[in-house]
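S.K.: Let me give you the structure first, and then I'll get to my questions.
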Amino acid sequence: MKNLGLFFDITANTGRAKKCRFSINVCAFLVILFLNNLVSFSQVENLKIGEWRHHYSFNNCFAVVQTPTQIIGATTLGLNFLNKSDNSLTTLTKINGLSDYDLSALVFLSDLNAIMIGYANGNIDFIRNGKVYNINDLKIKQIDGSKKINHFLSKNNIVYCSTDFGIILLNLEKLEISSTWYIGNQAGNLKVSQLVINGDDIYAATDKGLRKSSLSGTNPAFFENWKTISPTIDPYNSLAMFGGKLISAIGQKGQTCTLASFVNDQINAFTSIPAFYSLTTNSADELMAVSLNSIYFYNLSLQNTSTISSPVINDIPFSPAFRTGIKDQGGNLWIADFNKGLLKRESSNNFSLFNPQGPATNQCKQLLVAGNNVWTVAGGLTNTWNNAGIKASSSVLTPTGWQHITFENTPGLESVIDFIGVTANPLNPENIFINSWGEGVFEFENQQGNYILKNNFNKSETGLQNIDWAAPSGYVRIGATAFDKNNVLFMTNAFVDNGLVAYFPADKTFLRLSYQSIKSVEGLGTMLMHSNGDKWMVIGRGNPMGLFVWNDNGTPKNQSDDKYKSSISPSKETDKRNVGQLLLWDDKGEEITKRIYSIAEDQNKYVWLGTDMGIVVQYQPRTIFNNEKPVFSRIKIPRKDGSGLADYLLENEIVTAIAVDAGNRKWIGTQGSGVFLVSADGTKTISAYNSQNSLLPSDFISSIAINHETGEVFIATDKGIVSTRGSATKGKSNFNDIYAFPNPVRPEYTGTITITGLITRSNVKITDVSGKLVYETMSVGGQAFWDGTNLWGEKVKSGVYLVFVSSEDGSESGVTKIAVIR
């Protein structure tokens, strides 16, 4: 893959203020379509502070088109470009050029050498001559119902767009919507899946039958000029002109559909296909119908000439999710598969796969940074804590690229579902434990660069138990795993008598822990091993919902000296180790909530809890067992309206993730409002990221993990994973490695200058060579930043500037230089 030189010139269309047009200026003609040197953005390593990169899987391919030099597969998150000459792969997403996510339609306009992309929210991108123009008229228009773009049809410099409410016409000269056709009864909304033009007639496959109008002599913008020509008003979803006949698919996509031909508006059904998705005319004498599992070919007599079923990829069987396909100029068959990605038929039913580097799936339940690697697990739970049924999948981003651990490539995972958590051995980050909701815990170890399944803890001899009423296997449900500071691995075991099991790697022994409060409890979830030795567990369902905190007195193999607190009062239990009830009490002694979704310890040893009522903090966790009714606090944010009132931090949000960076700032993920970066004490919102103002693909956040060495923050959403380079890095123990970049600072540079290699909370003073103070600040973790201005906000002149740094207590100091060229 070669380097991509893109920069963005975002300008408003002054003729129509509501319309925003994005122009991507590039170094060559039609860079998006034909240039061979696009780079996969997910491979960029030197990410600048504040920049983003994606970590997307391009497996969910739903459309495929060809240009003279490329095959392009569309996924909901972006485009996958395959260069025909050398099979090189590149990607284009919102992060490096597109205007949106949730792609829903794609077409190559051969007469214009252009691409058009439609989105589920009505947004449209038009790409031509190396520029991307965004047509957002429909996106910003207030209408009832869905605005999804389903299909494009080009004719005479007009693009007809099938949408969920009707038809819109795009004028390609002006790049604007020229007309909107509501063809439902009484000009009502009607979903149009596809259009076909034959001579002067235009046909629409709609949710209420097949409709027809004339493009001349009548006004198709008037709903009464559309005639229903189908004998019923069943849904029609696909159309194709083939051999002088109109071919249609009757039924809903993904379900059993009847294929029929229309001649002189007379219908003739010729086959029925289960799980049908699309029709394509490959040539003048070949029609292709694509279903979930098979691909059917028909001749001019509409006879089935051949079928592709039981497909394999490089001779290995797989479960297809075919969506559509095309044949290129050389007769090669290309298929968009919603499970695997972009496929090319090599022979018979054998395919090869063309996907860029990325995780195995865009689903991610939890992220983990371990050493130099980033781990993802892709399982899930329902709202009632039952299995989501997602087949076993974990992906790891290593310095050399992505590795996949799946049910397909790892013996022992064939029938496993729902990986929901991942933990690394703190003494060996290459030793990984993944917990599943059904088959216990899986231990992996790096052997010569590949992660190998070493153990599966799911039998009684491992201490873990199967749910009594279940089958012999499949119900060893482990909600979370965590290592304590003594390198003991604790595993929660839901629905059984012993809700916790301890594993001692040193002697490879197991111990069932018996605490009455968590006997046969369903929702045993996330654990926090606090630095003071207490162990915290979130219970998300059942009784006792809320918190369970225990301390094993440093002797995990001796349970007699343990103590714990839960939401169950000791008076209701016979277990004498229950030393008190624990609820999320506020300063008035009232319970704030029982619903906790996330937990983290910050650098002050405070415990931060993400709840359905925002953030709750325990500022004195060391007294949790000594205080009969410990107070949990909500952070007050003063209003800026002069009222003197305050609101609680994120009080109306469900907080699903909390990560603490090297500057003790909190990255907070929510269920519906994106990510918030707040100050160490939570009183100041530094940044707020959502799908509208940032490159997040969704506002539903499932997990956040931080690489403290680089400051990169990884964010998992329900649609995919992205990362951004944060400003906080782990502080050093001395100033031996201090340096600044860029250095020298050249005239064209307008960004921030970074001083790195610092001790946490370093004092930083910048002077000119005469010793005059120019700027001063404090580091965020191991880095500090200078915008190149003096104390009065003026840009400094050319020269050499000295950077003096010292630790907070003054015991360590250092110096470096920055050259500025104006």
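The values are calculated or read from the model by the stated rules, or taken from the named source; none is laboratory data. Please read these numbers as outputs of a predicted model, since none were measured by experiment. Here Cβ is always computed from backbone atoms with ideal geometry, including for glycine, and neighbour counts include all displayed protein chains. Side chains included, ligands, DNA and RNA excluded: accessible areas come from the protein's heavy atoms. Shrake-Rupley method; radii C 1.70, N 1.55, O 1.52, S 1.80 Å.
S.K.: Which shape class, rounded, prolate or oblate, goes with segment 48-137 when its Cα gyration tensor gives a ≥ b ≥ c as root eigenvalues, a/c under 1.5 marks rounded, and past that a/b bigger than b/c marks prolate?
M.R.: Because its axes are fairly even, with a/c under 1.5, segment 48-137 counts as rounded.
S.K.: To continue, here is another question. Out of segment 340-391, which trypsin sites (Lys or Arg not before Pro) are coil in DSSP terms and have no more than 10 other C-beta atoms within 10 Å?
M.R.: Passing both the DSSP loop test and the Cβ count: no residue.
S.K.: While we're here: If I stretch the segment between ARG822 and GLN329 completely, what's the gain in nm (0.36 nm per residue apart, minus their alpha carbon distance), one decimal?
M.R.: Extra length available between ARG822 and GLN329 comes to 172.0 nm.
S.K.: Right, next: Strictly greater than 20 Å: what percent of every Cα pair in segment 500-605 meets that?
M.R.: So the portion of pairs separated by more than 20 Å is 42 percent.
S.K.: List the residues, sorted by chain then number, that are 5 or more residues from VAL369 or on another chain and whose placed amide H is less than 5 Å from its amide H.
M.R.: Amide H neighbours of VAL369: TRP375, ILE706.
S.K.: When the accessible area of segment 585-660 is computed with all protein chains present and a 1.4 Å probe, what percentage of it is carbon and sulfur?
M.R.: 42
S.K.: Once amide H atoms are placed 1.01 Å from N in the peptide plane, what residues at a sequence separation of 5 or more from SER238, or on another chain, have their amide H within under 5 Å of its amide H?
M.R.: Placed amide hydrogens put ALA249 under 5 Å from SER238.
S.K.: According to the square roots a ≥ b ≥ c of the eigenvalues of the Cα gyration tensor, what is the shape class of segment 180-232, taking rounded for a/c under 1.5, prolate for a/b larger than b/c otherwise, and oblate for the remainder?
M.R.: It is oblate, given that a/c is not under 1.5 and a/b is not larger than b/c.
S.K.: How high is the FRET efficiency between GLU590 and PHE297 when r is their beta carbon distance and R₀ equals 51 Å, given to the nearest 0.05?
M.R.: 0.15
S.K.: Once phi is turned into ³J(HN,Hα) by the Karplus curve 6.51 cos²θ - 1.76 cosθ + 1.60 with θ = phi - 60°, what whole-Hz value does each residue of segment 722-739 show in order, with x for glycine and proline?
M.R.: Ordered by residue, 3J(HN,Hα) equals 10, 9, 9, 7, x, 8, 9, 10, 5, x, 8, 8, 8, 9, 5, 10, 5, 7 Hz.
S.K.: Let me ask something additional. Let me have the relative contact order for the chain, percent, based on Cα pairs under 8 Å that are six or more residues apart.
M.R.: Relative contact order, the chain: 6 percent.
S.K.: Can you work out the FRET efficiency for the pair LEU353 and TYR648, with r the C-beta to C-beta distance and R0 = 41 Å, to the nearest 0.05?
M.R.: The computed FRET efficiency comes out at 0.25.
S.K.: Also, I was wondering about something else. Run down the lysines and flag those whose C-alpha is under 26 Å from the C-alpha of LYS795, throwing out any fewer than 8 positions away in its chain.
M.R.: Once the sequence-local lysines are set aside, what remains near LYS795 is LYS48, LYS765, LYS772, LYS817.
S.K.: At 222 nm, what helix-only mean residue ellipticity would the chain give, in deg cm²/dmol to the nearest 500, using -39500 (n - 2.57) for each DSSP H run of four or more?
M.R.: Mean residue ellipticity at 222 nm (helix-derived): 0 deg cm²/dmol.
S.K.: Another question, if that's okay. Mind checking the per residue accessible area of segment 357-485 for me, 1.4 Å probe, whole number of Å²?
M.R.: The answer is 41 Å² per residue.
S.K.: I would also like to ask the following. Taking the convex hull of the Cα atoms, report for segment 605-670 its projected area averaged over all directions, in nm².
M.R.: 5.7
S.K.: From Cα pairs below 8 angstrom and at least 6 apart in sequence, can you work out the relative contact order of segment 351-499, rounded to a whole percent?
M.R.: Reported relative contact order: 16 percent.
S.K.: Could you name the aspartates and glutamates in cross-link range of LYS485, using Cα to Cα under 17 Å and dropping any fewer than eight places away on the same chain?
M.R.: Partners within reach: ASP507, ASP534, ASP552, ASP562, GLU601, ASP602.
S.K.: So, one more: Quick one, what does Rg over Rh come out to for segment 629-779 if you take C-alpha atoms and the Kirkwood Rh?
M.R.: Here Rg/Rh amounts to 1.04.
S.K.: To continue, here is another question. Show me the three semi-axes of the equivalent ellipsoid for the chain, from the C-alpha gyration tensor (sqrt of 5 times each eigenvalue), largest first, rounded to whole Å.
M.R.: Each semi-axis is √(5λ); the values are 51, 36, 26 Å.
S.K.: Could you let me know the centre-to-centre spacing of segment 398-455 and segment 150-216, using Cα atoms, in angstrom?
M.R.: 50
S.K.: In terms of Cα to Cα distance under 16 Å, which lysines are near enough to LYS148, apart from those fewer than 8 places away along the same chain?
M.R.: Straight-line reach from LYS148, under 16 Å: LYS139, LYS191, LYS253.
S.K.: Quick one: Kirkwood hydrodynamic radius for segment 326-423, alpha-carbon pairs, angstrom, one decimal?
M.R.: 15.3
S.K.: Compute the separation of the alpha-carbon centres of segment 644-690 and segment 538-582 and state it in Å as a whole number.
M.R.: One Cα centre to the other: 30 Å.
S.K.: Grab the alpha carbons of segment 701-822, take their convex hull, and tell me the volume per residue in Å³.
M.R.: Roughly 121 Å³ of hull volume per residue.
S.K.: Could you work out what % of the accessible surface of segment 179-249 is carbon and sulfur, using a 1.4 angstrom probe and leaving DNA, RNA and ligands out of the count?
M.R.: 45
S.K.: Using a 1.4 angstrom probe on heavy atoms only, work out the carbon and sulfur share of the accessible area of segment 341-461 in %.
M.R.: Roughly 45 percent of what the probe reaches on segment 341-461 is carbon or sulfur.
S.K.: Moving on to the next point. Could you derive backbone 3J(HN,Hα) for segment 81-93 from the dihedral phi with the Karplus parameters 6.51, -1.76 and 1.60 (θ = phi - 60°), listing whole Hz in sequence and x where the residue is Gly or Pro?
M.R.: 9, 10, 7, 5, 6, 9, 6, 6, 10, 9, 10, 9, 9
S.K.: Given a 1.4 Å probe, how much area per residue of segment 74-206 is accessible, in Å²?
M.R.: 33
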